[in-house]
Amino acid sequence: MLEAKDHVDWLGIRNPLFVLLGLWIVFFLIIHGFIHALNKLTVPFVGLRFGYYMAAQGSLIVLLALLYLLAKKPHNS
């Protein structure tokens, strides 16, 4: 059964969530805008071109980091 402490304040988390989504989309678009320049480098331990690596893994890492920061943000309740 849900109790008061289990309630999620969607109005309080909506704006930070939209900011997080916006930052992630901007990062994603910047990486894909410079993918040809980044592909001139190679990730040494994986052997992939850096542009492909950042497009796949970098976007995921940034999304997880932003979600972590959102979860750690103190909420005014």
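The table below gives the values:
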read-out	value
Per-selection Kirkwood Rh - the chain (Cα, Å, 1 d.p.)	14.6 Å
Charge context of LEU17, other residues only, Cβ under 13 angstrom, K/R +1, D/E -1	+1
Assigned charges on the beta-carbon of Lys, Arg, Asp, Glu; the chain dipole about Cα centre (debye)	300 debye
Filtered trypsin sites (Lys or Arg not before Pro), the range 32-77: DSSP coil and at most 10 other beta carbons within 10 Å	LYS40
Selected from LEU38, LEU11, LEU70, residue furthest toward positive end of dipole (the chain; charges at beta carbon)	LEU38
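Each reported figure results from applying straightforward, stated rules to the coordinates on display, with no laboratory input. Note that the structure is a prediction, hence the values are computed from the model and not measured. Reconstructed Cβ throughout: ideal geometry from the backbone, glycine too, with neighbour counts over all protein chains shown.
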